[in-house]
Amino acid sequence: KKIARSLVAGDGPIPPLIAETGGQNAMIVDSSALPEQVTDDLIASAFLSAGQRCSAARILFVQDVVADRTLEMLFGAMDELTIGDPGELATDVGPVIDQAAQSRLARHVEAHRGRVLHRLAAPEGGWFFAPVAIGLDDAAVLREEVFGPVLHVVRWQAGHLDRVVDTINALGYGLTLGVHSRIGETIEAVRRRVRVGNMYVNRSIIGAVVGVQPFGGEGLSGTGPKAGGPNYLRRFATERVVAVNTASFGNTQLLSLGEE
């Protein structure tokens with residue numbers, strides 16, 4: 001928003017602004033999902049790169065009838081993660097970008113300390129922040145993106161899928177969304193209702209491939225066309241139109257105009 005305001009306030013022509021920002025990215029898991037696949041994709045989406053991806057998973061909406069089993073597998077997989085120097089091949093989770101980021105994450109977790117479901121221990125020194133899962137009754141309490149290895153967990157009941165999607169839309173962001181389900185009607189119902197730039201089905205929600213999965217969001221998650229999409233470069237061009245009243249020209253004059 002600051003960039004957009006400065007472009008408008010500056011002298012001269014207003015250049016186009018194409019921006020892709022962060023998101024309150026969610027993953028919806030229903031009772032038909034394969035828990036092993038869900039676990040692998042959540043670990044990758046929420047915790048690799050220390051959760052420092054714009055497309056990283058921030059919220060898990062898991063159907064209540066499979067929640068306990070899904071979380072048991074997820075927490076077990078979290079316990080296998082190695083936190084440390086990202087230069088080491090054995091490392092799964094490195095540090096966050098700086099002390100300010102570490103402090104913001106610490107304040108957020110402290111504000112929800114009574115709802116921590118599972119947390120790893122961080123190494124001493126550096127700007128490490130250990131992966132953590134926090135249980136919430138309602139995702140609406142999340143007012144801004146929590147940029148780091150923090151996953152919020154919300155349980156939902158069968159028959160309330162529309163309410164889940166409406167909650168995601170109401171957050172205002174619209175970058176990525178994951179759906180884990182083996183029911184086609186469920187996937188289609190989410191697709192029709194959700195307002196996000198990239199929806200991924202039965203896979204992680206990070207690692208879009210340029211030219212295959214054009215990437216970008218809507219709402220608070222971006223402006224302009226998607227990177228890697230067919231309309232991206234065109235946005236940088238200046239479009240000009242010439243309209244001619246052909247009835248006012250003879251054929252020779254019109255041809256001359258076109259050649260010129």
(request) Give the accessible surface of the chain per residue, rounded to a whole number of Å², with probe radius 1.4 Å and ligands, DNA and RNA excluded. (result) 56
(message) Can you tell me which of A44, A57, A247 moves the most in a GNM of the chain? Springs connect C-alpha atoms under 10 Å apart.
(response) A247
(request) Please identify every one of the GluC sites (Glu not before Pro) in the stretch 126-219 that sits in a loop by DSSP and has no more than 13 other beta carbons within 10 Å of its own beta carbon. (result) E144
(request) Taking the Cα centre of the chain as origin, sum charge times position over the Cβ atoms of Lys and Arg (+1) and Asp and Glu (-1), and report the length of that vector in debye to the nearest 20. (result) 740
(message) Taking each pair of distinct Cα atoms in the stretch 43-142 once, what is the resulting Kirkwood hydrodynamic radius in Å?
(response) 14.4
(message) Tell me the angle of helix 161-170 to the major Cα principal axis of the chain, expressed in degrees between 0 and 90 and rounded to the nearest ten.
(response) 60
(request) Express the relative contact order of the chain as a whole percentage, based on alpha carbon pairs under 8 Å and six or more residues apart in sequence. (result) 24
(message) Among A56, G87, A189, whose Cα projects farthest towards the positive end of the dipole of the chain, with charges put on the beta-carbon of Lys, Arg (+1) and Asp, Glu (-1)?
(response) A189
(request) Give me the percent of the accessible area of the chain that comes from carbon and sulfur atoms, probe 1.4 Å, all protein chains in place. (result) 51
(request) Would you please give the residues with an amide H less than 5 Å from that of Y200, counting only those at least 5 places away or on a separate chain, with H modeled from the backbone geometry? (result) L177, G178, V179
(request) Please name which of I43, A140, A208 has its Cα lying farthest along the dipole of the chain towards the positive end, using unit charges on Cβ (Lys, Arg +1; Asp, Glu -1) and the Cα centre as origin. (result) A140
(message) Looking at the chain, I'd like the Rg to Rh ratio, where Rg is from alpha-carbon atoms and Rh is Kirkwood's inverse mean 1/r.
(response) 1.13
(message) Between V241 and T21, how high is the FRET efficiency from 1/(1 + (r/R0)^6) when r is the Cβ-Cβ distance and R₀ = 22 Å? Nearest 0.05.
(response) 0.10
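The values are calculated or read from the model by the stated rules, or taken from the named source; none is laboratory data. Values in this document were obtained by computation on a predicted structure and should not be read as measured data. Ideal geometry is used to build each Cβ from the backbone, glycine not excepted, and the neighbour counts take in all protein chains shown. What goes into the accessible areas is simple: the full protein's heavy atoms, side chains included, and nothing from ligands, DNA or RNA. Shrake-Rupley method; radii C 1.70, N 1.55, O 1.52, S 1.80 Å.
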